[in-house]
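The values are calculated or read from the model by the stated rules, or taken from the named source; none is laboratory data. These figures come from a predicted structure and were not determined experimentally. All accessible areas refer to the heavy atoms of the entire protein, side chains included, with ligands and DNA or RNA removed. Shrake-Rupley method; radii C 1.70, N 1.55, O 1.52, S 1.80 Å.
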Amino acid sequence: MDVKRVKDYLYWLYYQYQLVTCSYVLEPWEQSMFHTITVTVVAMVVYTAYVFVPIHVRLALQFFSQIFGPQPESTV
């Protein structure tokens, strides 16, 4: 890939982020605080999903396997 294209694409994504969050109207110190809080919240959500979603999926599978029971084997 062309390095310039990747750089331009990342800049475009950051510009879109600023437009969506309206952070381009903030002062520099406000932008840094806003970005810090946003990154912290996103990191916490990703960590929570990584830790707790597999546990809940496993428990749900156990629950439904107990409800429906073992499936009969076919004797062909």
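To test your reading of the geometry: what angle, between 0 and 90 degrees and rounded to tens, separates the Cα axis of helix 3-21 from the longest principal axis of the chain?
Once rounded, one gets 90 degrees.
Per-residue ellipticity at 222 nm for the chain, helices alone: DSSP H runs ≥ 4 residues times -39500 (n - 2.57), over residue total, nearest 500 deg cm²/dmol?
Value at 222 nm, helices only: -28500 deg cm²/dmol.
Regarding the chain, what are the three Cα extents along the principal axes, ordered largest first, in Å?
Dimensions of the chain along the principal axes of its Cα atoms: 69, 33, 17 Å.
Enter the accessible area per residue of region 26-76 (Å², integer; probe 1.4 Å; all protein chains in place).
Per residue, region 26-76 has an accessible area of 94 Å².
At 1.4 Å probe size, with the rest of the protein present, what percent of the exposed accessible area of region 3-66 is carbon and sulfur atoms?
The computed percentage sits at 75.
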